[in-house]
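The values are calculated or read from the model by the stated rules, or taken from the named source; none is laboratory data. Note that this is a predicted model, so its numbers are computed, not measured. When we count neighbours, we look across all protein chains shown, and the Cβ atoms used for this are built from the backbone with ideal geometry, even at glycine. Note: accessible area is taken over every heavy atom of the protein model, side chains too, but ligands, DNA and RNA are not part of it. Shrake-Rupley method; radii C 1.70, N 1.55, O 1.52, S 1.80 Å.
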Amino acid sequence: MTHSPTTDVLICGAGAAGLTLAIDLARRGVDFVLIDKAEGPFQGSRGKGLQPRSLEVFEDLGVLDSLLAAGAAPYPTIRAYAGETFTDTLLGEDAQPTPAEPWAMPLMAPQFLTERVLRDRLKALGHAPRFGIALTGFAQDADGVTATLETGETIRAKWMVGADGGRSFVRPALGVEFPGETRPGRGMVADIRLDGLSREVWHNFTGPNGQRISFCPLAGTDLFQLQGHAPDEEDFSVAAVNALIRQRTGRDDIFVREAPWASTFGINARLAERYRVGRVLLAGDAAHVHPPTGGQGLNTSLQDAYNLGWKLAAVLAGAPESLIDTYEAERRPIAAAVLGLSTRLLSQTEVKRGREARQLDLAYPESPLSLDLGVAAKIAPGDRAPDAPCRGRDGAPVRVFEILAGANWTLLASGASLAIAPRQGLAIVAVGPDGDLIDAEGWFADAYGLPTDGFVLVRPDGYVAAVGRAGDEERLEAHFAQFGL
Ligand SMILES: Cc1cc2nc3c(=O)[nH]c(=O)nc-3n(C[C@H](O)[C@H](O)[C@H](O)COP(=O)(O)OP(=O)(O)OC[C@H]3O[C@@H](n4cnc5c(N)ncnc54)[C@H](O)[C@@H]3O)c2cc1C
C-alpha cells in the first residue's frame, strides 16, 4: 500500500485568502501544502480596494512595502458626467493618518498585483502555490483529512482550509448551507487599455437607458478597470467594448486598444452557516460573498486568514482545539455585518464609503479570547490594538506596530513590573521612562489610556485580549492556558 504524503495544513485555493494564510503559516514554520485548480495566477483586477486595516495586516506580514513599491496608491476623485457637465466627489469621507491609525484611507491595487506581491512574499519564505491541481474529494476522521486531488494523488492533512472562493467545492461537500440572496442583473468588469480619457480621475457615465459604465485608472499599471451593468450579449472583443462605450457615454473620442481580461459577475450576498466542520474550515469568499460595493470582499477574506493562521499554528503546537472554534465565533459576525454594509451601499445611488468601510473598528468584544478584568482604559478587550510612535531604550524611534509585529503575543506593561513568568511565544515589553518602550510624546498614553500600573495583552493578530493592572496576574495566567501559552 502506498502512503499519502502528509502535511499539517492543506490549503485549497491560492487567492487572497489562501495566500495570506500560507504566508502566516510559513512565517510560523508550520508545514502546509497550497493548491489551486487554476492553471496559473489570477489575471484580473477585480478586488482593487485595500482598506486601512488590511494595510496594517500587510505591514505585519511583510508585504506592505512591496505593495507600495508595486504602485498601490490612493483612489482618484470620482467624476460623474451628466451631458456636457460633470461633478467630482471623493470616494470616501476624507480622513488623515493619525499616530494611532497610520493608514486612514484605502489604497488601490488591482487584485492580480496584490496576489503577485503575496506570492513573492511566500516565495521569500520558501513556498509556492501548486497551480493546476484541483481538490476533487475528501474524507475526514478525528485526526485529520484525506484529500483527493484531480491528479489521483491523495494528501493526508491534520487540518484542511477551503479558501476556494464563492463557487467553493469544499463548502457544499461539507454540507454547509449558503443562505442569502442573489439580486437580479449582472455586472461586468474588464481591464482595458484606452485612449481618450485622463488617468487623473475615475470616470463615470450613465447611458440613455440608465445603464452605467465607469473607467478607473488602475494604480501600478497602464490599465483602466471598466465596470458597469453587463450587456445582454457577453462579447468582450475590442470592437464590441468600443460600441458599448459609445452607446453608454455618447462620446466618440474614447477608444479601447486592448482588453486583456474581462468577466461578468452576479450580485450575491451570502453567508455560510458554519465555518468549521470537524477538521475542515472555510475562509474568504468560500464562507461569504459580497456585492462589490464598499470594497469589502477581498479585505474580509484576507483578514479571515489572518485570524485563522495563528490559531492553527497554536493548536498544531499543542494549544486546546477549542481555540479553533473562536475563528467562527469571531469572523462570522464580522462577515454578517460587512454583508449588511455592502448591500446597503448597493442600494445607494451615490457611493460614499465612510469609516465603517475601512475596517479599523472591527472588534471581537464577545470573543471567548477577550478577558474582561474590569479595568477602564481607552481600549477594551477585543479592540484593534492602535499604533503609537514611541522611542526604544536607546532613544531611537519605534512604533508600537513594530513591537507587535511577528508571530508572538505581546504584553505591554506600564509602571510596576508584573509577576508573569517569561514563556515562549510571549514578548513582555515594559513601557515607561526606563522601559523598553518610552512614551516620549505621550502617543501611547493617548491611544491606550492604561492606568499607571496597567497592562494590555495583545494577540498575535493585533487585537487586545485583556486590559488589566498589577494584581491581575493570576487571572491572566489562567487565560493563557486557553491558547496554550
Ligand atoms: C467586480 C468586482 C469588484 C470587487 N472589488 C472589490 C474591492 O474593491 N475590494 C474587495 O475587498 N473585494 C472586492 N471584490 C471581491 C474580491 O474579488 C473577492 O472577495 C476575493 O477574490 C476573495 O478572495 P478568496 O481568496 O476568498 O477567493 P478567490 O479569489 O475566488 O480565490 C479562490 C481560489 O480557489 C481556487 N479553487 C476553486 N476551487 C478549487 C478546487 N476545487 N481546488 C483547488 N482550487 C480551487 C480558484 O481557482 C481560486 O484561485 C470584488 C469582486 C468583483 C467581482
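One chain, two ends: residue 148 and residue 68. Fully extended at 0.36 nm per residue, the span grows by 24.9 nm beyond their Cα-Cα distance.
Taking 7 Å steps out from each Cα toward its Cβ at residue 211 and residue 130 produces label points 4.4 nm apart. Extending 7 Å from the Cα toward the beta-carbon at both residue 141 and residue 258 defines two label points whose distance is 5.3 nm. Per-residue SASA remark: residue 127, around 50 Å² accessible (1.4 Å probe; ligands, DNA and RNA not included).
Given Cα pairs under 8 Å that are at least 6 residues apart, what percent is the relative contact order of the chain? Can you show the working numbers first?
Details: 1054 pairs, mean separation 77.5, N = 485.
Answer for the chain is 16 percent.
Please give me, ordered by residue number, the trypsin sites (Lys or Arg not before Pro) of the range 345-450 that lie in loop per DSSP and have at most 11 other Cβ atoms within 10 Å. Could the numbers behind the result be given before it?
Values: sites: 352, 353, 355, 358, 378, 384, 391, 393, 399, 423; in loops: 352, 378, 393, 423.
Qualifying residues, ordered by number: 423.
With +1 assigned to the C-beta of every Lys and Arg and -1 to the C-beta of every Asp and Glu, and no other charges, what is the dipole magnitude of the range 182-268 about the Cα centre in debye, to the nearest 20?
With Lys and Arg at +1 and Asp and Glu at -1, about 280 debye.
Within the chain, antiparallel bridges make up roughly 70 percent of the DSSP beta bridges whose residues both belong there.
Quick check on the range 371-481: take the gyration tensor over C-alpha atoms, sort the square-rooted eigenvalues as a ≥ b ≥ c, and tell me if it's rounded (a/c under 1.5), prolate or oblate. Display every interim value, and only then the final one.
Working: a/c = 1.42, a/b = 1.35, b/c = 1.05.
Because its axes are fairly even, with a/c under 1.5, the range 371-481 counts as rounded.
Full-extension gain between residue 183 and residue 322, please, as 0.36 nm times their residue separation minus the C-alpha to C-alpha distance. Numbers along the way, then the final one.
Details: separation 139, 0.36 × 139 = 50.04 nm, distance 3.71 nm.
Length difference between fully extended and current span is 46.3 nm.
Whole-Hz Karplus values for the range 282-289 come out as 10, 9, x, 4, 5, 9, 7, 10 Hz, taken residue by residue from phi with 6.51 cos²θ - 1.76 cosθ + 1.60 and θ = phi - 60°; glycine and proline positions read x.
One chain, two ends: residue 273 and residue 84. Fully extended at 0.36 nm per residue, the span grows by 63.1 nm beyond their Cα-Cα distance. Spatial offset of the range 260-292 relative to the range 121-179 amounts to 15 Å, using the alpha carbon center of each.
For the chain, what does -39500 (n - 2.57) per DSSP helix run (n ≥ 4), summed and divided by total residues, give at 222 nm, in deg cm²/dmol to the nearest 500? Numbers along the way, then the final one.
Details: 11 runs with 124 residues, N = 485.
Result for the chain, helices only: -8000 deg cm²/dmol.
With Rg and the Kirkwood Rh both taken from Cα atoms, where does Rg over Rh land for the chain?
Details: Rg = 23.7 Å, Rh = 23.9 Å.
Here Rg/Rh amounts to 0.99.
Among the lysines of the chain, pairs that are 8 or more positions apart or on different chains and have alpha carbons within less than 29 Å of each other number 12. Beta bridges per DSSP, both residues in the range 1-136: antiparallel share near 60 percent. Relative contact order, whole percent, for the range 268-404 stands at 19, derived from Cα pairs under 8 Å and 6 or more residues apart. With all protein chains present, how much of the accessible area of the chain (probe radius 1.4 Å) comes from carbon and sulfur, to the nearest whole percent? The C+S portion of the solvent-accessible surface of the chain is 51 percent. Put a dot 7 Å past the Cα of residue 247, heading toward its Cβ, do the same for residue 96, and the two dots end up 4.8 nm apart. Max-minus-min Cα coordinates of the range 245-395 on each principal axis give 65, 47, 32 Å, with the largest extent listed first.
Computed across the range 53-138, the Kirkwood radius stands at 15.9 Å (inverse of mean 1/r, all Cα pairs). One Cα centroid belongs to the range 15-66, the other to the range 377-429; the line between them spans 26 Å. Alpha-carbon geometry of the range 365-422: the Rg and the Dmax are 13.4, 39 Å, given in that order.
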